[in-house]
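Worksheet: one structure, shown below.
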Amino acid sequence: MSEPVLSVRGLRTHFITRERTVKAVDGISYDLHPGKTLAVVGESGSGKSVHALSILRLLPEPPAKVVGGEILFNGRDLLKLNQEDMRAIRGNRIAMIFQEPMTSLNPVLKVGEQIAEAIVLHQGVTQEQAWAKSVDLLKKVGIPHPEERVNDYPHQFSGGMRQRAMIAIALSCEPDVLIADEPTTALDVTIQAQILELMKDLQREYHMAIILITHNIGVVAEMADDVVVMYAGRPVEHASVGELFKNPKHPYTKGLLGSVPSIYVKKERLEAIAGQPPDLSGGFTGCPFAPRCPSVLERCKTDDPPQFHLAGERMSNCWLIEGESKESSHRHASTGGAK
Amino acid sequence: MSEAPLLRVKDLKKHFLARKGMFGEKTAVKAVDGVSFDVMPQESFAVVGESGCGKTTLGKLVLALESATSGSVIFDGQDVAAMNGAALKKMRREMQVIFQDPYSSLNPRMTVEDIITEPWVIHGMHKDSAERAKTLAKLLDDCGIAKSYLPRHPHEFSGGQRQRVGIARALSLDPKLVVADEPVSALDVSIQAQILNLLKDLQKERKLAYLFISHDFSVVRHLCTRISVMYLGRVVETADSETLFNDPQHPYTEALLSAVPVPDPAIEQRRKRIILTGDVPSPLKPPSGCRFHPRCRYMRDTCPVNDQILIAAKPGHEAACEVLPFKDERSEAALVAL
């Protein structure tokens, strides 16, 4: 396989206040390859968005602090770059689109100006050239009459069109990595289908790697090549999308898949996961999923499971698969985390 | 089913007047524009549609929280619009609501006990303290609420627990009909599954009828036996759930179903989607004729002209389309998508 464009190694992001420390992300590792989509799945508070913001160093410090790990982008550790070098990468080589396109666009600037801004900043072209490119980009993302709509303000766009405009901004510098944080959650299903289709087409054209952050298992099945499932700030399972759905290893993944109703299969009852997600401040003794786990062992309550590696990049941190695995690693480790 | 429907909605319309700009002409937004359906006792009936289709307004009309422009809502044989005062209050005992957002629908200054038992105070029920305690214990048990929650306030709970409190409050009066407006869409999937299972259990246990309002077909399929699909203020198709999923007759339903992502990569890889072009048109200026025609893949010359009404395509299956129900010309792509 090709060299990964992005390697995250043992990334840990904590929120530190006087009263307490919240371990929002506590050790996540993966490799992202060009042209591939990695989905990071989890429920609210699992740390999936904080992990994405950490990659782009968009979190306010303090209270947020990356306390460990490496983020290697084409071999360079993003955590060690100064602000200026980071700005040259952010929005240029690594771009991001957000969940709510209305709050991420500036309401008092024309859509065209917002697309041109990134182009002028990163590519050193004139305003006119950047404007012409804005029109091209709007056309590319499927906005009808782009030469007129480029003069519109965000409020004149519908939700789907705003997300298309966000994608145009993200693509303006032909990034190597696109981070999409719940890109279709605010949209209706028919519009969601349009946006996902657009993202797939553009990925093929630009050979981008995509990190897709989502809670929607259906979207994962449609879009992802590989999946990282997160729970309580840590990855509990890492597998190819086919393996994950066919043969989930971690009880949380099993519970999550069993919780989702499908239009294809009529289930009499959903296999809900009992209980509530944990509070992340204060840390855990043992596995954080133990209190909700249907297959809990005695040792789960006391011993924090390491990451057990299986064939390929498959990983799960659950004591139940200890016997299947030949190799394990600690999730905080910066080296050898994802083999 | 030969019994009388519990709820009968007939040609219901709600038009809001909106001004275009500060001095512009007033135009009517036809949020609900001629909707009819029946809900039988103990049935779970769903109204599905995308944002702006009028499904929430419809729910409010049924609950008499909005007054209709025309048409009627008949609940248990009585016209809701004609009621007021004591009769309306009595009717509301039978008809309760569960809201979408458990964060904004519970009074933050009341304890859980007050929230759940307030309806009893209003309706003067369960005044005997022993009986009250017994009924409350049963209600808490049914809804999965621990007794220790009672003296606490809503902010101390997570979304799923709050939604349980909202459900307990709705059920405290032993209603016959519960209108549930997107009751699980604000919740995480694992919690959503708990609440869906709970709603299913409660329906059986307490013999409830649901009018379930949702945008999520997967959730609806799990819970509901009959479904109406709405588009721009109108019902475009009504059928029982299995029929609707396996053999949709309206092109909008067909496209909507094919757009729903399926949590199974094996299915996702082999199915083809029908991608609708464009956005939902503004309800201020709905398209002429069939309101779906600008986005429809089967559009004919007559579609922009002829207004579509619901026609029984098959027994118990109605669709408002002149192309599909009679001339089955669905393309290969569409069949694969389903």
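The values are calculated or read from the model by the stated rules, or taken from the named source; none is laboratory data. The structure displayed is predicted, hence computed values, not measured ones. Glycine gets a Cβ as well: all are built from the backbone with ideal geometry, and neighbour counts include every protein chain shown. Just the protein is used for accessible areas: all its heavy atoms, side chains included, with ligands, DNA and RNA removed. Shrake-Rupley method; radii C 1.70, N 1.55, O 1.52, S 1.80 Å.
Among the residues of region B:275-289, the one identified as over 16 Å from B:Glu50 (Cα atoms) and either open to solvent by less than 20 Å² (accessible area, probe 1.4 Å) or not assigned by TED's automatic domain parsing to the domain that holds B:Thr302 (or both) is B:Gly289.
The strands (runs of 3 or more DSSP E) located wholly in region B:1-93 that include 2 or more residues which are touching a Gly at 6+ places or on another chain (Cβ under 8 Å), among the charged types (D, E, K, R) and touching a residue at least 40 places away in the same chain (Cβ under 8 Å) occupy B:7-19, B:26-39. Consider region A:41-94 and keep the residues that are open to solvent by less than 30 Å² (accessible area, probe 1.4 Å) and in contact with a Cys (Cβ under 8 Å, 6 or more places away or on another chain). The one that is farthest from B:Ser185 (Cα to Cα) is A:Asn92.
Being polar (S, T, N, Q) and either touching a helix residue (DSSP H, G or I) at 6+ places or on another chain (Cβ under 7 Å) or more than 8 Å from chain A (Cβ to nearest Cβ) (or both): is that true of B:Ser218 here? When the stated conditions are applied, B:Ser218 does not pass them.
Residue count for region B:94-115 under the criterion of being under 23 Å from the mean Cα position of the chain (by Cα) and in contact (Cβ under 8 Å) with a residue 12 or more places away in the chain: the result is 12. The set of residues from region A:143-195 being facing chain B (nearest Cβ under 10 Å) and among the hydroxyl-bearing types (Ser, Thr, Tyr) comprises A:Ser158, A:Thr184, A:Thr190. Counting only residues that are part of a helix (DSSP H, G or I) and of a type in the set (Lys, Arg), region A:211-237 holds 0 of them.
Filter region A:234-272 for residues that are modelled with pLDDT under 90 and small (Gly, Ala, Ser) and give the result. A:Gly258, A:Ser259, A:Ser262, A:Ala272 - these are the residues of region A:234-272 that are modelled with pLDDT under 90 and small (Gly, Ala, Ser).
Among the residues of region A:158-210, those that are open to solvent by less than 40 Å² (accessible area, probe 1.4 Å), at pLDDT 85 or above and part of a loop (DSSP other than H, G, I, E, B) comprise A:Ser172, A:Cys173, A:Pro175, A:Glu182, A:Pro183, A:Thr184, A:Met208.
Could you tell me which of the residues B:Glu118, B:Glu131, B:Glu156 is of a type in the set (Asp, Glu) and in contact (Cβ under 8 Å) with a residue 24 or more places away in the chain?
Working: B:Glu131 fails: in contact (Cβ under 8 Å) with a residue 24 or more places away in the chain; B:Glu156 fails: in contact (Cβ under 8 Å) with a residue 24 or more places away in the chain.
Result: B:Glu118 is the single residue among B:Glu118, B:Glu131, B:Glu156 that is of a type in the set (Asp, Glu) and in contact (Cβ under 8 Å) with a residue 24 or more places away in the chain.
Here A:Leu320 passes the criteria (1) in contact with a His (Cβ under 9 Å, 6 or more places away or on another chain); (2) of a type outside the set (Val, Ile, Thr); (3) within 14 Å of chain B (Cβ to nearest Cβ) except the one numbered (3).
Would a scan of region A:255-266 turn up a residue that is within 22 Å of B:Pro263 (Cα to Cα), in contact with a strand residue (DSSP E or B) (Cβ under 8 Å, 6 or more places away or on another chain) and open to solvent by less than 10 Å² (accessible area, probe 1.4 Å)? It would help to see each step written out before you state the result.
So in region A:255-266, the residues within 22 Å of B:Pro263 (Cα to Cα) come out as A:255-266.
From the residues that got through so far, the ones that are in contact with a strand residue (DSSP E or B) (Cβ under 8 Å, 6 or more places away or on another chain) too are A:256.
Right, trim to open to solvent by less than 10 Å² (accessible area, probe 1.4 Å) and you get A:256.
For region A:255-266, residues within 22 Å of B:Pro263 (Cα to Cα), in contact with a strand residue (DSSP E or B) (Cβ under 8 Å, 6 or more places away or on another chain) and open to solvent by less than 10 Å² (accessible area, probe 1.4 Å): present.
Pick out the one residue from B:Leu177, B:Leu232, B:Leu199, B:Leu208 that is without any contact (Cβ under 8 Å) to a residue 60 or more places away in the chain, crowded, with 20+ Cβ neighbours inside 10 Å and more than 10 Å from chain A (Cβ to nearest Cβ). Steps first, answer last, please.
Values: B:Leu177 fails: without any contact (Cβ under 8 Å) to a residue 60 or more places away in the chain; B:Leu232 fails: without any contact (Cβ under 8 Å) to a residue 60 or more places away in the chain; B:Leu208 fails: without any contact (Cβ under 8 Å) to a residue 60 or more places away in the chain.
Unique residue meeting the criteria: B:Leu199.
Restricting attention to region B:257-276, the residues that are at the interface with chain A (Cβ under 8 Å from one of its Cβ atoms) and without any contact (Cβ under 8 Å) to a residue 60 or more places away in the chain add up to 12. Only residues that are surrounded by 19 or more Cβ atoms within 10 Å (Cβ to Cβ), among the hydrophobic types (A, V, I, L, M, F, W, C) and not in a strand (DSSP E or B) were counted across region B:299-324, and they come to 6. Checking B:Ser67 against (1) closer than 21 Å to B:Asp307 by Cβ; (2) open to solvent by 50 Å² or more (accessible area, probe 1.4 Å), only one condition comes out false. Which one? Of the numbered conditions (1) closer than 21 Å to B:Asp307 by Cβ; (2) open to solvent by 50 Å² or more (accessible area, probe 1.4 Å), the odd one out for B:Ser67 is (1). Just the residues that are of a type in the set (Gly, Ala, Ser) and modelled with pLDDT of 90 or more, please, taken from region B:163-192. Matches in region B:163-192: B:Gly166, B:Ala168, B:Ala170, B:Ser172, B:Ala180. Scan region B:102-118 for residues that are among the acidic types (Asp, Glu) and closer than 12 Å to B:Val165 by Cα and the total you get is 2.
Screening region A:270-287 for residues that are within 14 Å of another protein chain (Cβ to nearest Cβ) and farther than 14 Å from A:Ser259 by Cβ and picking the one that is least open to solvent (accessible area, probe 1.4 Å) gives A:Leu280.
What number of residues within region B:74-105 are of a type outside the set (Asp, Glu) and touching a helix residue (DSSP H, G or I) at 6+ places or on another chain (Cβ under 8 Å)? Steps first, please.
Narrowing region B:74-105 to residues of a type outside the set (Asp, Glu): B:74-75, B:77-78, B:80-93, B:95-100, B:102-105.
Adding the requirement that they be touching a helix residue (DSSP H, G or I) at 6+ places or on another chain (Cβ under 8 Å) leaves B:75, B:78, B:80, B:83, B:89, B:93, B:95-99, B:102-103, B:105.
Of the residues in region B:74-105, 14 are of a type outside the set (Asp, Glu) and touching a helix residue (DSSP H, G or I) at 6+ places or on another chain (Cβ under 8 Å).
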